[in-house]
Every structure is written in structure tokens, then in C-alpha cells.
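Participant: To start, I am sharing the structure in question, which I have written as C-alpha cells.
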Amino acid sequence: MNAFIRKRVQNVRNDVFSGITVALALVPEAVAFAFVAGVDPLVGLYAAFMIGLITSVFGGRPGMISGATGALAVVMVSLVSQGNAMGAEGENLGLYYLFLTVILMGIIQMLAGVFKLGKFVRLIPHPVMMGFVNGLAIVIFLAQLGMFKTKVGSEEVWLQGESLYLMIGLVGLTMLIMWGLPKIKATKKFPEALIAILVVAGIVIFSGLDVATVGSFIRDGGGEGLKGSFPTPVLETFSKIPLNMETFWFIFPYAGILAAIGLIESLMTLNLIDDLTETRGNTNRECMAQGGANIITGLFGGMGGCAMIGQSIINIKGGGRGRLSGITAAVFLLMFILFASSYIERIPIAALVGVMFMVVIGTFAWSSFRIMNKIPVADLVVLILVSALTVIFDLAIAVIAGVIVSALVFSWENAKRIRARKRIKEDGTKVYEIWGPLFFGSISAFNEKFDVKNDPDTIEIDFVESRVSDHSALEAIFNLVEKYEKAGKKITLKHLSADCKVLLYKASPKFHQVIEESIDDPRYHLAANPEKFPKSLSEYKF
């Protein structure tokens with residue numbers, strides 16, 4: 001009993017400390033993505049709070065962190081820009097169109113959960129998953145490089161001289177602390193990321209170093225600061241935007257794209273966390289939670305969001321496993337906005353960049369290099385393709401392209417496996433024994449196996465080692481039977497699966513004479529000879 005209590009206390013402590021670390025890392029990310037989308041930083045912070053809280057409580061993957069993400073922000077740029085252009089002169093309606101789009105996005109995601117579409121994430125091949133992880137690691141890394149720039153007038157230029165060396169030094173110190181602390185047994189009770197942030201922040205604050213901070217980052221981006229109030233419903237959305245079909249057709253494409261990107265990133269992050277924790281999340285429940293969270297976020301003035309792989313990795317590596325970790329991150333983020341904005345604004349950006357660099361190192365699948373010459377060339381191409389497309393375009397395009405290429409490769413490889421062993425019975429009947437899957441990709445090869453003109457008058461096609469998989473295969477069988485019958489030859493089909501027989505019977509009554517209902521199918525040999533079954537388990541010889 002005492003051991004159980006100690007374990008529960010340890011889990012709670014890990015969840016709380018890990019959640020605080022995530023909350024600190026969420027601030028610059030949410031602010032940066034808000035700037036990308038062209039909206040106020042508080043719009044991104046409110047989204048991170050509401051989505052993070054709702055998905056932590058109701059989501060299908062404890063320990064996964066959700067919030068405003070860059071993958072969604074890049075799509076929102078065009079939406080906000082076009083929305084502003086649709087208003088009267090001097091009236092920027094882009095933000096209200098964004099809120100309405102996020103609500104519709106949430107509805108679409110909830111429908112995906114209702115129709116249980118989340119299970120289709122299982123169809124994503126492993127090379128696509130590795131490409132997704134590597135691509136996102138590269139995206140996170142490239143996003144941090146922007147922190148090594150400063151504004152000179154209206155232009156952003158790279159840091160130089162002492163400022164650059166100081167930034168590199170603080171980032172390196174943060175990474176060194178995170179690397180070294182786990183090796184010290186006494187510090188394993190606290191997340192190394194949180195300790196690194198506090199140590200580096202303390203050095204900067206007490207030594208008075210002139211470096212970029214969270215506050216200066218917000219002000220350089222055009223924001224006024226981190227300080228805000230508790231989010232309230234933005235009812236002006238429904239009064240400023242005309243709720244008609246024209247508005248619906250304008251926002252629907254954006255909502256559909258955002259919903260797809262959000263679900264793909266969330267469900268693939270869920271799969272990654274499943275692998276890291278050796279547990280299993282609920283994909284359909286996650287769809288429902290993400291959808292509900294985005295509906296509420298849109299109503300309360302947030303920019304929408306989905307799962308965040310970087311923050312999720314920080315949480316898992318910090319020991320956060322339960323729902324409390326995500327709840328803690330969301331609540332502390334709100335506390336920062338309401339009460340501690342002046343303190344959070346003093347945290348150096350270098351400390352948070354160092355944390356994210358360690359996330360990149362932990363996220364990237366370094367095994368990709370080791371297995372390059374050990375996996376099929378097609379899988380290697382898919383892995384590299386998905387990684388590149390994730391960086392160049394976005395996650396949805398990358399994953400969809402990867403799945404399509406993998407499916408085409410799979411179809412081509414299986415299409416080449418169709419075989420036909422031929423033999424002549426004593427009575428002169430020619431037997432074709434079909435081996436391999438019969439589907440749309442193997443139809444051409446299947447048809448090439450038969451010589452209708454020169455075959456004898458009696459033909460038998462045995463499907464015992466084949467599987468008829470789709471409508472194209474059924475059509476091929478139907479056409480083949482017709483060719484033999486037109487040539488005045490008798491054809492018999494044997495060992496077709498039950499579902500295939502049903503469909504062929506529906507296609508034409510003549511198949512009742514063509515299909516042989518045999519009981520010598522080796523797949524059903526035991527069922528046809530029940531006397532061969534042992535009477536009890538004791539009769540089995542192990």
C-alpha cells in the first residue's frame with residue numbers, strides 16, 4: 001500500500017513539474033505562431049490554454065500536449081489576409097473570419113470522431129511515420145534559427161559579434177545542463193528542462209546581460225506584452241460576419257484543410273507517444289476532443305490548434321504521463337498571462353531555444369541513417385520524400401503523398417506476384433492453379449496467363465492459393481468466363497471465397513453452373529472431416 005502511495009505521489013510530482021516546463025516552452029511558440037498567422041499574441045496564447053486544457057481532460061492520449069501550431073498558422077495567413085480585404089475600408093474582419101473557420105474546423109474534426117475515422121491512422125506505413133518525425137524535427141530546428149536574428153529598422157538580420165556569441169553560449173549552457181543533469185542521481189526527481197531554464201534565466205537576470213527575452217520577442221513582433229485577461233466569448237464574430245452561404249463557401253476550404261492537418265498531426269503524434277510510453281491511446285476519442293476544443297477556442301477568441309510534437313516530447317521526457325501534466329501546463333500558462341507576465345517576459349529566449357534544440361535531437365530518428373542500406377529502396381524514397389515535403393510544404397501534403405506513394409509501391413509489388421501453374425488432367429482438362437492476390441493491379445498479368453484460342457475444350461481455374469480482392473478482379477473473372485464460353489469451351493471455377501461467390505452469383509445466374517461447390521478445399525479440410533477433431537484438449541500431443 002505504501003509503495004502504491006509513493007508511486008502515485010511520484011507520478012503527480014512528475015506531471016506537475018513537467019507541466020510547468022511545458023508551459024514555459026509554450027509561451028514563445030504560441031506567440032511566434034500567432035505572429036505567423038498575423039494575429040495578436042494573446043490569440044495564440046488563449047488557443048494554447050484552451051486547447052491544451054480540453055484535450056488533456058477529454059483527449060485520447062494522456063501526456064500529449066496540444067496548442068497553437070505552426071502547421072496550422074501558415075494556412076491561416078491567407079485566411080486572415082483575405083478576410084481583412086473583405087471588410088469595409090479600415091475594417092479588418094480577418095480575425096473574425098478566423099474564429100468562425102476554427103469553429104467549423106472543430107465541427108469537421110468531431111464528425112471524424114463520430115464516424116470513427118481516427119482508426120485509419122493505422123494505415124500510415126512506418127517509413128511515412130519516420131519521415132514525419134524527421135521532417136518535424138527539421139521544422140522545429142529551422143524555427144529556432146529565427147531566434148538568432150534581430151530587428152534593425154524594419155529588417156531582420158543575423159546576430160553578430162558579442163550578441164551572437166552570448167546567444168550561442170547560453171543556448172549551449174542550457175543544452176549542457178539538460179544533458180548532464182540526468183547523469184546526477186540526486187536531480188532525477190526534477191525535469192532537466194525546467195532546471196536548465198531557471199538556471200540560465202537566473203544567470204541572465206542577476207548578471208544584467210543584454211539578451212533577447214520573451215518580452216522583447218513579443219514587442220519586436222508588434223505585440224504589447226504577455227499580460228492579458230481571462231478569455232471571454234467573442235460574440236462580435238456572429239454580428240460582424242454575415243452568416244450566409246457566401247461566407248460558408250469562403251471559410252469551408254480553409255476549415256477542411258485545417259481540420260485535416262490538425263487531425264493528421266495529432267494522430268501521428270499520438271502514435272509516436274504510444275511508442276515512447278509503450279501504451280495505447282484512443283484515436284477516435286482524440287478526434288472528438290480536438291474538435292470540441294477548437295469549437296470552444298473559436299468561440300473564445302483563439303486561433304485553433306492541434307497536438308504539438310515538441311512540447312509533447314518535452315512532457316514525456318520530463319516524466320509527464322498522466323492527464324495532470326497537460327492540465328498543469330494549460331493552467332500555468334493562464335497564470336502566466338493573468339498574474340506572472342512580468343516575470344515570464346524576463347526569461348531569456350536562449351534558454352527556450354536550448355530546450356527546443358534538445359527536443360530536436362530527441363525527436364529526430366537517427367536510426368534512419370543506420371538503416372538506409374538495410375531497407376527497400378522504395379521505403380527509403382518515401383522516408384526522404386515525407387521529410388522533405390514536411391519542411392517545404394506542410395504535414396498534410398507530406399503524409400498524404402507518402403501514403404499514396406507507399407500504396408502505389410505496395411500495389412505494384414503485389415501485382416507482380418500473380419502466378420498460374422498449368423497442368424493437364426488425364427481426361428484432357430487443362431487446369432490453371434492461380435497463386436497470388438488478384439486485384440486491380442494484377443489484372444493485366446492475370447489475363448496474360450490464359451490462351452483461350454489454343455486451350456482444350458474443358459478448362460478448370462483453381463483459386464485455392466489466390467485471393468480475389470476487389471471489383472476489378474471480379475470483372476476480370478466475369479470477362480474471362482465470357483471469352484471461354486464464346487469460344488465454345490466449358491470452364492469451371494474452383495475454391496473461390498464465399499464472398500466472391502455471392503458477388504458472382506449476383507452478377508449473372510450462369511455462374512451457378514460455372515462455379516464448383518467443392519468440399520475438397522484444403523482450407524476447410526478439418527471442417528469437412530469433423531471426425532478428425534480430438535474429443536478433448538488432452539488428446540492434443542504437445
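Participant: I'd like the full set of residues that are of a type outside the set (A, V, I, L, M) and within 23 Å of Val133 (Cα to Cα), limited to the range 297-321.
Facilitator: Gly304, Gly305, Cys306, Gly310, Gln311, Ser312, Asn315, Lys317, Gly318, Gly319, Gly320, Arg321
Participant: Follow-up question, since we're still on this one. Which one of Glu224, Glu156, Glu236 is farther than 28 Å from Ala137 by Cβ, of a type in the set (D, E, K, R), free of Cβ contacts under 8 Å to residues at least 12 places away in the same chain and open to solvent by 30 Å² or more (accessible area, probe 1.4 Å)?
Facilitator: Just one listed residue meets the conditions, Glu224.
Participant: Something else now. Quick one: how many residues across the range 427-482 are open to solvent by 40 Å² or more (accessible area, probe 1.4 Å), assigned to a helix (DSSP H, G or I) and over 23 Å from Tyr505 (Cα atoms)?
Facilitator: Matching residues across the range 427-482 total 2.
Participant: Going residue by residue through the range 374-392, is there one that turns out to be touching a Leu at 6+ places or on another chain (Cβ under 7 Å), assigned to a helix (DSSP H, G or I), open to solvent by less than 40 Å² (accessible area, probe 1.4 Å) and in contact (Cβ under 8 Å) with a residue 40 or more places away in the chain?
Facilitator: Yes, that holds for at least one residue.
Participant: Kindly indicate which of Glu286, Glu265 is under 22 Å from Met129 (Cβ atoms), modelled with pLDDT of 90 or more, part of a helix (DSSP H, G or I) and within 13 Å of the chain's Cα centre (by Cα).
Facilitator: Values: Glu265 fails: modelled with pLDDT of 90 or more.
Result: Glu286 is the single residue among Glu286, Glu265 that is under 22 Å from Met129 (Cβ atoms), modelled with pLDDT of 90 or more, part of a helix (DSSP H, G or I) and within 13 Å of the chain's Cα centre (by Cα).
Participant: If you check Gly281 against the conditions, is it in contact (Cβ under 8 Å) with a residue 40 or more places away in the chain, at positive phi, out of contact with any Cys (no Cβ under 9 Å at 6 or more places or on another chain) and part of a loop (DSSP other than H, G, I, E, B)?
Facilitator: no
Participant: Quick test of your reading of the structure: Gly202 fulfils all but one of (1) open to solvent by 30 Å² or more (accessible area, probe 1.4 Å); (2) free of Cβ contacts under 8 Å to residues at least 12 places away in the same chain. Name the failing condition by number.
Facilitator: That leaves (1) as the condition not met.
This table checks each residue for (1) under 37 Å from the mean Cα position of the chain (by Cα); (2) of a type in the set (Val, Ile, Thr).
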site: Lys422; (1), (2): no, no
site: Leu438; (1), (2): yes, no
site: Lys453; (1), (2): no, no
site: Val464; (1), (2): no, yes
site: Leu474; (1), (2): yes, no
site: Asn479; (1), (2): no, no
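Participant: Ala351 fails exactly one of the following numbered conditions: (1) surrounded by 14 or more Cβ atoms within 10 Å (Cβ to Cβ); (2) outside any helix (DSSP H, G or I). What is the number of that condition?
Facilitator: So Ala351 meets the others, but not (2).
Participant: So Phe357 ticks every box in (1) closer than 16 Å to Glu192 by Cβ; (2) open to solvent by less than 20 Å² (accessible area, probe 1.4 Å); (3) part of a helix (DSSP H, G or I) but one. Which box is left unticked?
Facilitator: If we test Phe357 against (1) closer than 16 Å to Glu192 by Cβ; (2) open to solvent by less than 20 Å² (accessible area, probe 1.4 Å); (3) part of a helix (DSSP H, G or I), just (2) comes out false.
Participant: Can you pull out every residue in the range 511-542 that is in a helix (DSSP H, G or I), touching a helix residue (DSSP H, G or I) at 6+ places or on another chain (Cβ under 7 Å) and at pLDDT 50 or above? Outline the logic, then answer.
Facilitator: Taking the range 511-542 and keeping what is in a helix (DSSP H, G or I), we get 511-514, 522-528, 530-532, 537-539.
From the residues that got through so far, the ones that are touching a helix residue (DSSP H, G or I) at 6+ places or on another chain (Cβ under 7 Å) too are 511-512, 514, 526, 532.
Within the range 511-542, Phe511, His512, Val514 meet the criteria.
Participant: Ser508 passes all but one of (1) surrounded by 13 or more Cβ atoms within 10 Å (Cβ to Cβ); (2) of a type in the set (Ser, Thr, Tyr); (3) at pLDDT below 90; which number fails?
Facilitator: Result: Ser508 fails condition (1) only.
Participant: May I pose another question? Tally the residues that are at pLDDT below 90 and either buried (at least 19 other Cβ atoms within 10 Å of the Cβ) or not in a helix (DSSP H, G or I) (or both), restricting the search to the range 108-127.
Facilitator: Of the residues in that region, 4 qualify.
Participant: Check every one of the helices (runs of 4 or more DSSP H) wholly within the range 164-242 and list those with 3 or more residues that are at pLDDT below 90 and of a type in the set (A, V, I, L, M, F, W, C).
Facilitator: 192-207, 214-220
Participant: Keeping to the range 135-147, report how many residues are within 13 Å of the chain's Cα centre (by Cα) and modelled with pLDDT of 85 or more.
Facilitator: Residues meeting the conditions: 1.
Participant: Output the residues belonging to the range 330-380 that are charged (D, E, K, R) and more than 26 Å from Asn271 (Cα to Cα).
Facilitator: Glu345, Arg346
Participant: Which one of the conditions (1) part of a helix (DSSP H, G or I); (2) within 30 Å of Gln144 (Cβ to Cβ); (3) open to solvent by 10 Å² or more (accessible area, probe 1.4 Å) does Thr55 fail to meet, given that it meets all the rest?
Facilitator: Condition not satisfied by Thr55: (3).
Participant: So which pairs qualify, if the first residue must be in the range 341-361 and more than 11 Å from Thr174 (Cβ to Cβ), the second must be modelled with pLDDT under 90 and of a type in the set (D, E, K, R), the Cβ gap must be under 6 Å, and the two must be at least 6 apart or on different chains?
Facilitator: Ser341/Lys227
Participant: Further question: Looking for something outside any loop (DSSP other than H, G, I, E, B), touching a residue at least 60 places away in the same chain (Cβ under 8 Å), polar (S, T, N, Q) and under 16 Å from Val27 (Cα atoms) - is there at least one such residue anywhere in the range 245-258?
Facilitator: no
The values are calculated or read from the model by the stated rules, or taken from the named source; none is laboratory data. Quick caveat, the model's predicted, so the values are computed rather than measured. As a convention, Cβ positions derive from the backbone with ideal geometry for all residues, glycine included, and neighbour counts pool all protein chains shown. Ligands, DNA and RNA are excluded from the accessible area calculation, which covers all protein heavy atoms including side chains. Shrake-Rupley method; radii C 1.70, N 1.55, O 1.52, S 1.80 Å.
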